[in-house]
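Student: The structure follows.
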Amino acid sequence: MTAGSAGPATSAGALLLAPGAGSSRDHSCLVAIEQAVAPLPVVRIDFPYRKAGRRAPDRAPVLVESVRAEATALVAATRIRPHRLVLGGRSMGGRLCSMAVAEGLPAAGLVLVSYPLHPPGKPDRLRVDHFPDLAVPCLFVHGTRDAFGSPDELEAGTATIQGPVTHVWIEGGTHDLKGADVQVASAVAGWLRRR
């Protein structure tokens, strides 16, 4: 499959959404996205540490493997071809989905809300090493005042992605994008309709 291929083979057949490190599958933004993209099948997941009642996330390999397992289960439940699944989520959840796709998990695209480009105040610690391995369409929905990455930093960081990249900026939004659930959900739904 080529990065820019279109048509029925790459149209979205289902959407998997993962939460940020400090929240759950019931985060209001993820719920709003699910409602906005209906009737597209959506599964909002929790990571293993959250299911076990722990606050601290597991190491990245464990979390990426859980994304892979959840994606496999969703593909089986919806009976779609694996490369018709869109994955993503908020902050850490979106990042882990992008890592799973970079490592070979089939996908139609990525929806990345408040991507944590770097830790706040540490712009030299970029989380983009896997970006050159992304060859699917990617949507980044990001606040213009996000301490985890400015618009300029995010545009520079995503320039290495092979697939087409779309940026949607939430004016004045910080990392939590508080009060912007409708805007975020509308951006995701519109992008998916164009897939």
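Student: I'm checking my understanding of the structure. Among residues of segment 79-129 that are charged (D, E, K, R), under 17 Å from A156 (Cα atoms) and out of contact with any strand residue (DSSP E or B) (no Cβ under 9 Å at 6 or more places or on another chain), which one is surrounded by the most Cβ atoms within 10 Å (Cβ to Cβ)?
Tutor: Restricting to residues being charged (D, E, K, R), under 17 Å from A156 (Cα atoms) and out of contact with any strand residue (DSSP E or B) (no Cβ under 9 Å at 6 or more places or on another chain), the top hit is R127.
Student: May I ask you to list the residues in segment 72-110 that are within 16 Å of V128 (Cα to Cα) and of a type in the set (A, V, I, L, M, F, W, C)?
Tutor: The answer is M92, L96, C97, M99, A100, V101, A102, L110.
Student: What are the residues in segment 72-102 that are without any contact (Cβ under 8 Å) to a residue 60 or more places away in the chain, over 9 Å from the mean Cα position of the chain (by Cα) and under 17 Å from R195 (Cβ atoms), if any?
Tutor: Residues satisfying the conditions are P82, V101.
Student: So if I check each of L134, L105, L117, which one is closer than 20 Å to V43 by Cβ and touching a residue at least 24 places away in the same chain (Cβ under 8 Å)?
Tutor: Numbers: L134 fails: closer than 20 Å to V43 by Cβ; L117 fails: closer than 20 Å to V43 by Cβ.
One residue alone meets the criteria, L105.
Student: If you don't mind, there's one more thing I want to ask. Do we find a residue being within 29 Å of S11 (Cα to Cα), out of contact with any Gly (no Cβ under 7 Å at 6 or more places or on another chain) and loosely packed, with under 13 Cβ neighbours inside 10 Å anywhere in segment 133-153?
Tutor: For segment 133-153, residues within 29 Å of S11 (Cα to Cα), out of contact with any Gly (no Cβ under 7 Å at 6 or more places or on another chain) and loosely packed, with under 13 Cβ neighbours inside 10 Å: absent.
Student: Consider E65 carefully, then state whether it is over 24 Å from V188 (Cβ atoms) and assigned to a helix (DSSP H, G or I). If you could, list the steps in order and put the result at the bottom.
Tutor: Numbers: over 24 Å from V188 (Cβ atoms): yes; assigned to a helix (DSSP H, G or I): yes.
Yes, satisfied.
Student: Next up: Name every residue in segment 20-41 that is of a type outside the set (D, E, K, R), in a helix (DSSP H, G or I) and surrounded by 18 or more Cβ atoms within 10 Å (Cβ to Cβ), in order of residue number. Give the steps one after another, and end with the answer.
Tutor: Initial filter on segment 20-41 (of a type outside the set (D, E, K, R)): 20-24, 27-33, 35-41.
The next check asks that each one be in a helix (DSSP H, G or I); those that pass are 28-33, 35-37.
The answer is C29, L30, A32, I33, A36, V37.
Student: Would you check which residues across segment 42-62 are farther than 20 Å from A73 by Cα, surrounded by 15 or more Cβ atoms within 10 Å (Cβ to Cβ) and among the charged types (D, E, K, R) and list them?
Tutor: D58
Read the figures in this text as sums done on the coordinates, not as results from a lab. Just so it is clear, the model here is predicted, and its values are computed rather than measured. When we count neighbours, we look across all protein chains shown, and the Cβ atoms used for this are built from the backbone with ideal geometry, even at glycine.
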